[in-house]
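I have placed the structure first, in the form of structure tokens, so that the comments after it can refer back to it.
The values are calculated or read from the model by the stated rules, or taken from the named source; none is laboratory data. What you see is a predicted model; the values in this text were computed from it and never measured. Note that each Cβ is placed from the backbone with ideal geometry, even for glycine, and that neighbours are counted across all protein chains shown. Surface areas here come from the heavy atoms of the whole protein model, side chains and all, with no ligands, DNA or RNA. Shrake-Rupley method; radii C 1.70, N 1.55, O 1.52, S 1.80 Å.
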Amino acid sequence: MTRLCRTFQTAPAAVPKEDSAKYLKSGLTAEGFQSPDWLVPDIEDGTAPNMKAEAVENVADLVPEHAPDFGGEIWPRVEWSYADSGFRERGSDQIRTLVDEAGDHIDGVVVPKVGRLADVERALSAVADAEREFGHDDGSIGLSIIVETARAWSDLREIAMLGEDGRLTGLIFGPVDYTAELGGRAMDGERPRWDAMLEHLSNEASASDLVCVGGPFDRLFHERAGVTYFNAPGYADQVTYEAKIGIDGSWSLHPKQTVQANRIHMPTSEELERDVSKIERFNDAKAEGTGAVVLDGQMVDEATFKNFANTVEDVRAIDDAHPQQTSEFYDDELLERARELDVGFA
Amino acid sequence: MTRLCRTFQTAPAAVPKEDSAKYLKSGLTAEGFQSPDWLVPDIEDGTAPNMKAEAVENVADLVPEHAPDFGGEIWPRVEWSYADSGFRERGSDQIRTLVDEAGDHIDGVVVPKVGRLADVERALSAVADAEREFGHDDGSIGLSIIVETARAWSDLREIAMLGEDGRLTGLIFGPVDYTAELGGRAMDGERPRWDAMLEHLSNEASASDLVCVGGPFDRLFHERAGVTYFNAPGYADQVTYEAKIGIDGSWSLHPKQTVQANRIHMPTSEELERDVSKIERFNDAKAEGTGAVVLDGQMVDEATFKNFANTVEDVRAIDDAHPQQTSEFYDDELLERARELDVGFA
Amino acid sequence: MTRLCRTFQTAPAAVPKEDSAKYLKSGLTAEGFQSPDWLVPDIEDGTAPNMKAEAVENVADLVPEHAPDFGGEIWPRVEWSYADSGFRERGSDQIRTLVDEAGDHIDGVVVPKVGRLADVERALSAVADAEREFGHDDGSIGLSIIVETARAWSDLREIAMLGEDGRLTGLIFGPVDYTAELGGRAMDGERPRWDAMLEHLSNEASASDLVCVGGPFDRLFHERAGVTYFNAPGYADQVTYEAKIGIDGSWSLHPKQTVQANRIHMPTSEELERDVSKIERFNDAKAEGTGAVVLDGQMVDEATFKNFANTVEDVRAIDDAHPQQTSEFYDDELLERARELDVGFA
């Protein structure tokens, strides 16, 4: 895990309610498992066209106030489009305003609808320009992008390699725009999951040490026999799939989804017990000088060992950032074993 | 949908029957849902080695005669092989003859078994040369390629980007040759579906505004208890899968398949009703100034909206080209709502 | 099939037993279906850190002694890491020793944990240097790599194209290290299968005429109701999947797996009978001059024909190398038909 991002929660930065910053405040003040690792105040698709200015203002006002007490990272999403310079100009202005008024309190900005490599380079320049103009350290404001156009996917390898310069931080899948662009059809009410693209995303993110995040799950509610209920199982299936293939975090549209994703992206107690125990037994076998041993029917060598160590290291990273979450989630004695274990192979 | 191509029907251009052009004529004169969007008179694999000359002659004779009354596009398939210059010479001669004798009536040629980028560039040159030699406008004769070699797949991104010059028009999957080249095995009688390759194809086609088409389904008939019947369900499954992931059209080997694919690549009445209704309700909500609303349990924003708009725009494109198909397929009142709807988001 | 490699069996080159070369000897002297097409004496992960020197010595001693009677190829695996120059120096030394002492008896070396293109070029140079230093013909010692890092996957197309120079021979998937590097999780005890990556591997290997091999299946044993048994079905499922998508061979960790993979990567009697019969019937139809015919409900043309011919050619290649295996596996009369058939299309 390059950088903790189990959850990427978008919150509309302005909504047509008495308090237009209702959802933004609620995200910034969430506690415990409801608090996302990355909060994304959304000035783009979540905010109505006629409320963009108010959305920027809400972020500029509230982020500096609440950021010092917020446990995660803050990444506002601005407008952009590879296909429309009007959007790019508005997005660049929004970036300038945010860096000017909240530059000490945001970790970076999220730019959607980027196209080929050259367009991502434009977005990087927009951030670098604002950073310099308002006197922030070089590289202090990050850029994460939504990968949701065919052009961005086509150039994904080259785009990810831009991460070597240090500003590009995260690759987030945007399946809704993507499906629209490819002309895919939700024939039975469900969009394709784009399995091949997700494996590709997970790979390129790892090859360039970037964070990667899955797409939003928008079928928030189900109705059956006249009763409407939160679609927890559907979201859990998606997050579990993402976790299996090494996608670091999941997109959340709702605090209830944040609770789910924060938990699913932590190793379960059973996984932690299993892998701690395997490392303990492996360390015993190692003392006897063998290179590969069989534990519970599985051949274990250095490579297998690394997977067990990953489990332990993930728990340690979450424990460092959110000790109240780990102490709620795991048995004390197990957490203690995970903390003290020797996870070096050689 | 870049360009209407729900169906890519190959018809052998010469067969050993009394009328060697039987299937070609039948394709050129098909009506209603039996008429493919693209008819592909096949001089390559569908025509026996000793009938190639007659096949070219049939196309040269019949296409000019029937094209004016044919509702779709006409794309003869010639011989070619990245691995064999003899095939390329024959293919280039076939292209010259077709452009000379039927250049005003064909939309382009289909070239199979292309290899890496440089080989596709050779095929583009062969078409450009013929076009110039016989006095056709630059770019008036298109090129579509069958992507069926490991080399073409390896270079797919770069090949698709050739589409920017305007002549390359379509990417068609060729799973049979492809499986043979990779050494894949139909162990239980079925070839792999190559899911990852198809997502990749759909993406690159969209990134370069090309048409993309799935591969032929050759298990035309099934036998059970001594009765042989047309394998409609098997083909429908494949076409449905292709439609879901944004493959524009499906390959047809038989008029019955053409009827199926033409229909499956039209939004169903339920899809159209669903998406028209969502746009209508969204437009009402928009009037109240909110950026994202929940409809039927689904969070809807600009990106989701685009998917609904796609459904409506697909129907409009088919309605423009084949009004008798849409009037047969949809309820009049629904079609009218689809025609009159405001599908602009902002 | 570029080169026969149904099985890639790793054998730890030194284990903490009275005879530290026990498994290596057993691999080198295996007979019949227990004998792998490629034997990989493993100096890397299968050998404990404190036994590396003894492992190299065992290979240097035993390979020259047993190679003349061994029916397959011999490819020792050395240490390496794109991320650690210490591993690369040890690996280069191991390559030098092996080429010096067993250079006439090994077909090449296997290098794990390679990174981007430039790192694979370093590995190629290490082999070329050793080859020259000890007076072997240029290109006589091959290189095969384990593709198990995100960086190697990211550069896979370019890496595979290095195969054109002749030394790079095989691409082998390493899913255990790979899953660890991507941060994937075996949430239910099983790692992801990485379907998209495997299709990509099969494609690039074919595009550059390289051998490709799937990853190890380490859930060797299952336990149920207190009884532990060899997990043959799990391995068979994996090998079957690999064979379907054109992966040439499977990784074996155990002689029992070698027997399974050697057999699964041979066409079954039913497949051979089916495809021999189709070719025979097709050849009859061809005599009547038709380009495409329907056999058993399947439309057959030149492309389909190639798939049938592949089956026959695979059997012929195995028959040439291991006639005792084919005569045990197939009915004599069927094998005779496969040997005598005309598999040329035109």
Antiparallel bridge percentage (DSSP; both residues within chain B; nearest 5):
20
Under a Cβ-Cβ cut-off of 15 Å, what is the net charge of the residues other than residue C:232 that fall near it, where Lys and Arg count +1 and Asp and Glu count -1?
+1
Environment charge of residue A:101, counting only residues whose C-beta is closer than 11 Å and scoring Lys/Arg +1, Asp/Glu -1
-3
Enter the Cα centre distance for the pair the range B:111-126 and the range C:130-178, rounded to the nearest angstrom.
29
Tell me, what % of the accessible area of the range B:269-340 is carbon and sulfur with a 1.4 angstrom probe?
46
Accessible-area order (highest first, 1.4 angstrom probe) of the listed residues C:266, B:299:
B:299, C:266
Quick one: longest stretch of chain B between exposed loop GluC sites (Glu not before Pro), exposed meaning at most 16 other C-beta atoms within 10 Å and loop per DSSP?
B:32-189
If amide H atoms are built 1.01 Å from N in the plane of the peptide, which residues on other chains or at least 5 residues away come under 5 Å of the amide H of residue B:7?
B:37, B:38, B:250
The relative contact order of the range A:7-264, taking Cα pairs under 8 Å that sit 6 or more residues apart, comes to a percentage of 17
On the protein heavy atoms, probe 1.4 angstrom, tell me the percent of accessible surface of the range B:21-61 carried by carbon and sulfur.
45
With Cβ to Cβ distances under 11 Å as the rule, what net charge do the other residues near residue A:131 carry (K, R +1; D, E -1)?
-2
Find the sum over both chains of the accessible area lost when C and B are paired, probe 1.4 Å, and report it in Å² to the nearest 100.
3200
Angle check, please: helix B:117-133 long axis (alpha carbons) against the longest principal axis of chain B (alpha carbons), in degrees 0 to 90, nearest 10.
80
Take the residue pairs B:244/B:306; A:256/B:306; A:113/B:286; A:17/B:286; A:286/A:306 and return only those whose Cα atoms are more than 18 Å apart.
A:256/B:306; A:113/B:286
Which of B:214, B:135, B:297 moves the most in a Gaussian network model of chain B with Cα springs under 10 Å?
B:297
